[in-house]
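Worksheet: the structure to be examined is printed underneath.
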Amino acid sequence: RVSDIAAKIKPEKILETVLRTPIQLEVGELLGTSRELSGILANAIKPKTSPNDSEIEAHSVWTKTQGLLIKIAMCCDSQTINTIIDTSSQLNIVNKHIWKTIINRPID
């Protein structure tokens, strides 16, 4: 249910106006006044999924000794790396050659 006044107000327009208008308020005061405005602002600053993220395809295979493995082709600096995901692992392990030639970032 929406009141007649609320039906005429567009929260997105209010957010645009607020973001362009200099005001002297604490951010907490502003966000605390409207749950809907807080939600809109939170959605506006969330990282968006890039188009390449929707192309991820995972496969699972059974091995004789290891059980079920999840295999995913991942990209690092536009280069594809075939990976195996261990959902219960506390460590990330990478082949030294792949780390040096493709990933090339500091590791522990």
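The values are calculated or read from the model by the stated rules, or taken from the named source; none is laboratory data. Keep in mind the model is a prediction, meaning the values are calculated, not measured. Glycine also receives a Cβ, built like all others from the backbone with ideal geometry; neighbour counts cover every protein chain displayed. For accessibility, only protein heavy atoms count, side chains too; no ligands or nucleic acids. Shrake-Rupley method; radii C 1.70, N 1.55, O 1.52, S 1.80 Å.
Only one entry in Gln66, Gln79 is open to solvent by 70 Å² or more (accessible area, probe 1.4 Å) and either of a type in the set (A, V, I, L, M) or modelled with pLDDT of 80 or more (or both), namely Gln79. Does region 29-50 contain any residue that is open to solvent by less than 100 Å² (accessible area, probe 1.4 Å), in a helix (DSSP H, G or I), at pLDDT below 75 and of a type in the set (Asp, Glu)? So far as region 29-50 goes, no, none of its residues is open to solvent by less than 100 Å² (accessible area, probe 1.4 Å), in a helix (DSSP H, G or I), at pLDDT below 75 and of a type in the set (Asp, Glu). Filtered by the rule that a residue be surrounded by 11 or more Cβ atoms within 10 Å (Cβ to Cβ) and in a helix (DSSP H, G or I), region 82-108 gives Ile98, Trp99, Ile102, Ile103.
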